[in-house]
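Below is one structure, written out as structure tokens; the observations come after it.
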Amino acid sequence: MKVTVVGAGAVGATTADNIARKQIVDEVVLLDIKQGVAEGKAMDLMQTASLEGFDTKIIGSTNDYAKTAKSDVVVITSGLPRKPGMTREELIGINAGIVKGVVTQILTHSPKAILLIVSNPMDTMTYLALQVAQSMGVNKKRVIGMGGALDSSRFRYYLSQAMGVSQGDLHANVIGGHGDTTMIPLTRLATWNGIPASRFISKEALAKVAADTMVGGATLTGLLGTSAWYAPGIASCSMVEAIIRDEKRIVPASVSLNGEYGQKDICLGVPVVLGRNGWEKIVNYRLNKEEQAAFAKSADAVRNMNNVLST
Ligand code: NAI
């Protein structure tokens with residue numbers, strides 16, 4: 001099995017590192033447009049193999065797509081990250097050009113690959129990647145955006161802090177758009193070992209957890225001066241793992257909706273079953289009126305952004 005990671009920056013290299021250490025594929029190709037960077041990071045990572053105890057081969061490539069041929073999964077992280085004060089949406093112009101070019105090249109060399117889109121604004125980039133992929137004959141179930149997996153891990157982090165419990169015992173998901181104002185942390189459905197979180201902390205505390213989750217990325221960007229990479233890297237890796245190992249795991253991810261959750265012609269975060277064929281099924285959470293309204297509002301915001309693509 002082979003995975004390509006496009007973009008050998010902070011998120012791409014961390015994703016490749018995690019995939020290599022988990023030994024879920026034989027080969028990881030790291031590709032970047034900057035001369036030598038992907039080769040350098042691949043070599044650096046390969047020099048951790050004897051210390052970490054893995055045999056995954058990591059190959060670097062400066063824009064040579066022939067090296068990515070016959071990849072099973074391709075993670076696309078190429079593009080600009082946010083700087084403090086920027087929204088993910090402000091990246092649209094530059095990243096759209098990058099994502100379009102990359103998807104075309106990738107599918108020319110790996111027509112059967114499953115695409116995992118990470119570049120921001122992620123829901124719009126996934127929508128764009130889907131359009132390119134469909135024009136090249138790719139099934140919509142093979143195009144997936146990574147956002148909900150990360151936002152949900154941030155949700156569980158803030159929830160565990162508020163409740164004083166282990167993150168591993170929490171079940172809590174974020175759906176909707178991957179934006180500070182568009183994501184929807186589902187506090188009503190958050191549980192600690194199956195028991196609603198609302199039984200342990202007040203309504204106000206839960207609302208604060210949701211608010212902190214929504215600006216979780218911006219908080220890190222403020223601290224780091226650029227966007228985060230550890231959690232984005234492992235979130236991407238965990239989705240690759242679910243696909244490669246055909247785990248049938250439920251993960252919130254941005255996928256093409258055709259009436260599900262009341263939306264059409266949009267890629268937006270919903271819980272999906274991930275397996276060897278990509279996103280195999282959308283899971284229908286029964287949202288209450290308030291959550292449905294939030295989802296519709298989130299869709300409107302993402303749709304507005306998608307419209308920028310055609311201007
Ligand atoms: P970075 O700047 O560290 O790395 C981006 C890399 O992409 C650079 O090495 C650059 O040379 C490369 N690149 C640019 N154009 C390229 C092209 N045409 N072909 C190949 N490589 C190209 O940025 P970082 O922090 O790794 O973030 C990458 C993207 O992921 C950003 O758009 C960021 O906003 C997004 N992101 C998304 C998350 C999510 O949850 N979906 C979480 C974190 C970041």
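Can you pull the one-decimal nm distance between simple spin-label points at Asn284 and Ser202, each 7 Å off the Cα toward Cβ? In this crude spin-label approximation the distance works out to 3.8 nm. Please say if the chain is rounded, prolate or oblate, where rounded means a/c under 1.5 for a ≥ b ≥ c the square roots of the C-alpha gyration tensor eigenvalues, and otherwise the choice is prolate for a/b larger than b/c and oblate otherwise? Prolate is the answer for the chain, as a/c is 1.5 or above and a/b outweighs b/c. Taking the longest Cα principal axis of the chain as reference, the axis of helix 122-135 is set at about 50 degrees. For Ala301, neighbours were defined as the other residues whose beta-carbon sits under 13 Å from its Cβ, and their charges (Lys and Arg +1, Asp and Glu -1) total -1.
Note on the range 180-311: antiparallel DSSP beta bridges, both residues inside, total approximately 100 percent of the bridges counted.
Phi angles across the range 205-217 convert, under the Karplus curve 6.51 cos²θ - 1.76 cosθ + 1.60 with θ = phi - 60°, into 3J(HN,Hα) values of 5, 5, 5, 5, 4, 4, 5, 5, 4, 4, 9, x, x Hz, Gly and Pro given as x. Summing +1 for each Lys or Arg and -1 for each Asp or Glu among the other residues whose beta-carbon sits under 9 angstrom from that of Tyr158 gives +2. Among 97-103, 33-39, 13-19, 221-227, the peptide with the highest mean count of other Cβ atoms within 10 Å heads the list, and the full ranking is 13-19, 97-103, 33-39, 221-227.
Classify the range 209-283 as rounded, prolate or oblate from the Cα gyration tensor: take a ≥ b ≥ c as the square roots of its eigenvalues, call it rounded if a/c is under 1.5, otherwise prolate when a/b beats b/c and oblate if not. Taking the square roots of the gyration eigenvalues as a ≥ b ≥ c, the range 209-283 is oblate.
Each Lys and Arg adds +1 at its Cβ and each Asp and Glu adds -1 at its Cβ; summed about the Cα centre, the chain shows a dipole of about 540 debye.
How far is helix 92-109 tilted, in degrees, relative to the longest principal axis of the Cα atoms in the chain, given as a value from 0 to 90 rounded to the nearest 10? Approximately 50 degrees, to the nearest ten.
Each residue of the range 218-229 was assigned a 3J(HN,Hα) from its phi angle through the Karplus curve 6.51 cos²θ - 1.76 cosθ + 1.60 (θ = phi - 60°); the sequence is 5, 4, 5, 4, x, 6, 8, x, 7, 7, 6, 9 Hz, with glycine and proline shown as x. As a rough guide to protection, the peptides 138-149, 52-63, 114-125 ranked by mean Cβ packing within 10 Å, highest first, stand as 114-125, 138-149, 52-63.
Highest average first, the peptides 188-201, 290-303 ordered by how many other beta carbon atoms sit within 10 Å of their residues are 290-303, 188-201.
About its Cα centre, the dipole of the range 1-111 is roughly 240 debye, where the only charges are +1 on Lys and Arg Cβ and -1 on Asp and Glu Cβ. For the chain, the longest principal axis of the alpha carbon atoms and the long axis of helix 148-163 meet at an angle near 50°. In this rough spin-label picture, where each label sits 7 Å from Cα along the Cβ direction, the Asp64-Thr87 distance is 4.2 nm. For the chain, DSSP calls about 50 percent of its internal beta bridges antiparallel. For the range 41-151, the square roots a ≥ b ≥ c of the C-alpha gyration tensor eigenvalues yield an a/c of 1.5 or more together with a/b not exceeding b/c, which makes the shape oblate.
Summing charges over neighbours of Asn284, with a neighbour being any other residue whose Cβ is under 15 Å away from its Cβ, gives -1 when K and R count +1 and D and E count -1.
A cut-off of 5 Å between modelled amide H atoms, ignoring neighbours fewer than 5 places along the same chain, links Ser227 with Arg82.
Show which aspartates and glutamates lie in cross-link reach of Lys281 when reach means a straight Cα distance below 19 angstrom and same-chain residues fewer than eight apart are skipped. List returned: Asp123, Glu241, Asp246, Glu247, Glu260, Asp265. Applying 1/(1 + (r/R0)^6) with R0 = 30 Å to the Cβ-Cβ distance of Thr191 and Asn258 gives a FRET efficiency near 0.55. Its Cα centre serving as origin, the range 185-274 has a Cβ charge dipole (Lys and Arg +1, Asp and Glu -1) of approximately 280 debye.
Any read-out appearing in this document is the output of simple, stated calculations on the displayed coordinates, not a laboratory observation. As the structure is a prediction and not an experimental result, all values here were calculated from the model. Please note: Cβ atoms are built from the backbone with ideal geometry, for glycine as well, and neighbour counts cover all protein chains shown.
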